[in-house]
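*Asks:* Have a look at this one.
The values are calculated or read from the model by the stated rules, or taken from the named source; none is laboratory data. Bear in mind the structure is a predicted one, so any value in this text is a computation, not a measurement. Here the Cβ positions follow ideal geometry from the backbone for every residue, glycine too, while neighbour counts run over all protein chains shown. Accessible surface is based on the protein model in full, side chains and every heavy atom, while ligands, DNA and RNA are left aside. Shrake-Rupley method; radii C 1.70, N 1.55, O 1.52, S 1.80 Å.
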Amino acid sequence: MAEASDLLEWPKKDNRRFLHVVYRVGDLDRTIAFYTECFGMKLLRKRDVPEEKYSNAFLGFGPETSNFVVELTYNYGVSSYDIGTGFGHFAISTQDVSKLVETVRAKGGNVSREPGPVKGGGSVIAFVKDPDGYTFELIQRGPTPEPFCQVMLRVGDLDRAIKFYEKALGMRLLRKIERPEYKYTIGMMGYAEEYESIVLELTYNYGVTEYTKGNAYAQIAIGTDDVYKSGEVIKIVNQELGGKITREPGPLPGLGTKIVSFLDPDGWKTVLVDNKDFLKELE
């Protein structure tokens with residue numbers, strides 16, 4: 001068993017970083033305009049793959065070598081997707097929520113919750129929707145190296161999910177928020193403090209064990225120094241907690257980038273990408 005326990009130490013030692021989140025949109029130019037004009041993101045790169053009938057755009061608040069970004073996918077001829085009930089929101093931190101909300105409104109965006117303090121808390125937030133109906137929480141905070149600060153997903157068993165992300169991905173539970181009066185509990189998972197980096201916000205709603213995934217949200221990508229070793233760890237954790245490998249560790253055809261992809265016990269997908277290969281892709 002020494003080998004398995006040694007392996008389980010690997011995710012904590014590995015050089016891990018959130019790279020990007022992938023999801024599908026019905027009109028690439030429309031979303032690019034919304035994210036750049038309303039949120040202040042930059043368009044980092046764009047690629048068209050006509051033989052596979054799709055295009056991608058990468059947007060974020062800083063370069064992909066250091067920041068977490070969105071990877072938008074447009075599939076030729078598909079103008080809308082079902083977001084499902086499991087996906088929650090993305091979050092952007094800003095020094096002035098009201099100002100950002102006014103910008104969104106001026107550009108024809110949908111404001112679903114006006115700026116104001118959180119129920120039972122002090123921080124000022126608002127919620128807006130992008131043209132495809134993805135929800136963005138806007139959080140008022142001081143300056144940060146990573147304004148793109150959360151991806152929220154709903155899970156059916158929070159303790160199981162926390163354990164999975166700790167063991168399989170080497171994340172830390174940064175904080176847990178119990179809200180019995182609103183019948184939910186949240187676990188914030190990440191590799192660095194919330195104000196410095198992106199976090200995965202896992203939400204458990206009392207009594208709800210399953211959600212629909214829809215076909216809009218795809219996955220999160222995380223960097224690793226060794227996809228093969230990481231894949232072995234995931235197999236061990238899958239046996240204990242659930243989930244499964246959906247693509248065995250190895251290079252992607254044509255691209256050569258080594259990846260391994262898998263589902264967590266709730267069916268959310270993560271892709272681990274070789275750090276060196278990823279930097280090569282960006283060159």
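*Asks:* Using a Förster distance of 45 angstrom, determine the FRET efficiency expected from the C-beta separation of residue 105 and residue 4, and round it to 0.05.
*Replies:* 0.25
*Asks:* For segment 189-283, take every pair of Cα atoms, bin their distances at 5 Å starting from 0, and report each bin as a whole percent.
*Replies:* 3, 11, 18, 21, 21, 16, 7, 2, 1, 0
*Asks:* Here is a follow-up. Whole number in Å², please: accessible area per residue of segment 23-128, 1.4 Å probe, ligands, DNA and RNA not counted.
*Replies:* 46
*Asks:* Scan segment 169-210 for trypsin sites (Lys or Arg not before Pro) in coil per DSSP, keeping those whose Cβ has at most 12 other Cβ atoms within 10 Å, and list them by number.
*Replies:* Filter output for segment 169-210: 183.
*Asks:* Beta carbons within 10 angstrom, averaged per residue: use that to sort the peptides 17-25, 272-280, 41-49, highest first.
*Replies:* 17-25, 272-280, 41-49
*Asks:* Across 5 Å bins from the origin, how do the percents of Cα pairs in segment 142-238 run, short distances first?
*Replies:* 2, 12, 19, 22, 21, 15, 6, 2, 0
*Asks:* Mind checking the full-extension length gain between residue 47 and residue 172? Use 0.36 nm per residue of separation minus the Cα-Cα distance, one decimal, nm.
*Replies:* That works out to 41.6 nm of additional length.
*Asks:* Which whole-number value in Å² is the accessible area per residue of segment 171-235, probe 1.4 Å?
*Replies:* 46
*Asks:* For residue 96 and residue 279, FRET efficiency with R0 = 41 Å and r from the beta-carbon atoms, rounded to 0.05?
*Replies:* So, using R0 = 41 Å, E works out to roughly 0.75.
*Asks:* Right, here's the next one. Would you be so kind as to identify which of 168, 33, 278 lies farthest towards the positive end of the dipole of the chain, taking Lys and Arg as +1 and Asp and Glu as -1 on Cβ and the Cα centre as origin?
*Replies:* Highest projection toward the positive end goes to 33.
*Asks:* I've got another one for you. To the nearest 500 deg cm²/dmol, what mean residue ellipticity at 222 nm is calculated for the chain from DSSP H runs of n ≥ 4 alone, each contributing -39,500 (n - 2.57), summed and divided by the residues?
*Replies:* That calculation yields -7000 deg cm²/dmol at 222 nm.
*Asks:* Let me ask another. Could you give the dipole magnitude of the chain about its Cα centre, charging the beta-carbon of Lys and Arg +1 and that of Asp and Glu -1, in debye to the nearest 20?
*Replies:* Using only the charged Cβ atoms, the result is roughly 380 debye.
*Asks:* Could you pull out every one of the lysines with an alpha carbon less than 16 Å from that of residue 107, ignoring same-chain neighbours closer than 8 positions?
*Replies:* 99, 129
*Asks:* Suppose a student asked you for the relative contact order of the chain, using Cα pairs under 8 Å spaced at least 6 residues apart; what percent would you report?
*Replies:* 19
*Asks:* Run a plain Debye calculation on the chain (Cα atoms as equal point scatterers, no solvent) and give log10 I(q)/I(0) at q = 0.10, 0.13, 0.15 Å⁻¹, rounded to two decimals, same order as the q list.
*Replies:* These q points yield log10 I(q)/I(0) values of -0.52, -0.91, -1.24.
*Asks:* If you don't mind, another one. Quick one: check the C-alpha center-to-center distance for segment 32-81 versus segment 113-176, whole angstrom.
*Replies:* Distance between centres, Cα-based: 21 Å.
*Asks:* Run the accessible area of the chain with a 1.4 Å probe and give the carbon-and-sulfur part as a rounded percent.
*Replies:* Within the chain, the accessible surface is 50 percent carbon and sulfur.
*Asks:* Now for a separate question. Go through 23, 122, 263 and say which Cα lies farthest out towards the positive end of the charge dipole of the chain; charges sit on Cβ, +1 for Lys and Arg, -1 for Asp and Glu.
*Replies:* Result: 122, furthest along the dipole toward the positive end.
*Asks:* While we're here: Given R₀ = 25 Å, FRET efficiency for residue 76-residue 248 by Cβ-Cβ distance, to 0.05?
*Replies:* 0.30
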